[in-house]
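Values in this text are rule-based calculations from the coordinates and carry no lab data. Remember, it's a predicted structure, so these values are computed and weren't measured experimentally. Here the Cβ positions follow ideal geometry from the backbone for every residue, glycine too, while neighbour counts run over all protein chains shown.
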Amino acid sequence: MLERLAAAFAIAGGTILLAIAAVTGINVLLYLADLVAPGRLGIVRGYEDVVRLGVGAAVPLLFPWCELRRGHVAVDLLVERLPSGAQRALETVGVALSAAIALFLAFWMAQGLAETRADGLVAGVLGWPEWPFYVPGLAALLLWAAIALGRLVPERSA
């Protein structure tokens with residue numbers, strides 16, 4: 001179940017990033033058209049808000065998939081020469097640290113969400129409330145932690 005959820009989160013994050021790329025492309029084309037015919041088209045209103053809020057929501061959605069696929073940065077140059085027991089111990093420490101980091105970030109993201117909502121913070125140009133854009137990241141961080149913690153539990157042989 002965690003794998004399907006992580007895949008869905010990654011697809012959602014990728015879709016948001018593709019939409020941001022599309023909006024960026026449209027914005028560039030409109031800017032270039034404005035150079036040819038000034039004042040006719042303008043640029044995408046609130047472009048900066050869309051990119052900032054979209055990237056903030058999309059990037060954390062990719063973390064659970066990375067944890068599931070062990071896609072985080074690792075340095076194997078020296079570790080691969082260690083005995084297998086030491087390699088497993090380092091892997092366990094790394095996964096536990098990954099889970100701890102995810103939970104730490106989730107705690108502070110929840111704090112930020114609560115403060116942003118309480119303050120009524122809105123995006124500068126579009127006027128969108130900002131707190132809903134914290135929700136996907138918070139969910140993704142919790143899923144990341146769950147996947148990492150699940151990796152710490154030894155698999156049972158049937």
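Quick one: which residues, 5 or more positions from Ala123 or on another chain, have an amide H under 5 Å from its amide H? H modelled 1.01 Å from N in the peptide plane, none for Pro or chain starts.
Trp128, Glu130
If you line up the long axis of helix 47-58 against the longest principal axis of the chain, both from Cα atoms, how many degrees apart are they, to the nearest 10?
20 degrees
Within the set of other residues whose C-beta is less than 13 Å from the C-beta of Gly124, count the net charge using Lys and Arg as +1 and Asp and Glu as -1. Could you put the intermediate results ahead of the total?
Numbers: positive: Arg45, Arg52; negative: Glu48, Asp49, Glu130.
Neighbourhood net charge equals -1.
Run the simple label-point estimate for Ala96 and Ala37 please: 7 Å along Cα→C-beta, distance reported in nm.
Taking the simple label geometry, Ala96 and Ala37 are separated by 6.5 nm.
If we count every other residue with Cβ under 13 angstrom of Trp65's Cβ, Lys/Arg +1 and Asp/Glu -1, where does the sum land?
Details: positive: Arg4, Arg69, Arg70; negative: Glu3, Glu67.
In short, +1.
At 7 Å along Cα-to-Cβ for each site, give me the label-to-label distance between Ala12 and Ser84 in nm.
According to this spin-label approximation, the distance is 3.9 nm.
Relative to the longest principal Cα axis of the chain, at what angle does helix 2-36 sit, 0 to 90 degrees, rounded to 10?
30 degrees
Could you give the length gained on full extension between Leu152 and Arg69, defined as 0.36 nm per residue of separation minus the Cα-Cα distance, in nm? Let's see the in-between values first.
Numbers: separation 83, 0.36 × 83 = 29.88 nm, distance 1.43 nm.
Contour length minus the Cα-Cα distance gives 28.4 nm.
In degrees between 0 and 90, to the nearest 10, how far off the longest principal axis of the chain does helix 84-119 point, with axes built from Cα atoms?
40 degrees
If we restrict to alpha carbons, what Rg and Dmax does region 1-61 come to, in Å?
Rg then Dmax for region 1-61, in Å: 15.4, 53.
Please give, to one decimal in nm, the separation of the simple spin-label points placed at Arg52 and Trp128, each 7 Å out from Cα toward the Cβ.
About 1.2 nm, to one decimal.
If you take percent of Cα pairs over 22 Å apart from the coordinates, which of [x] 52; [y] 80; [z] 56 do you get?
It is the value labelled [z].
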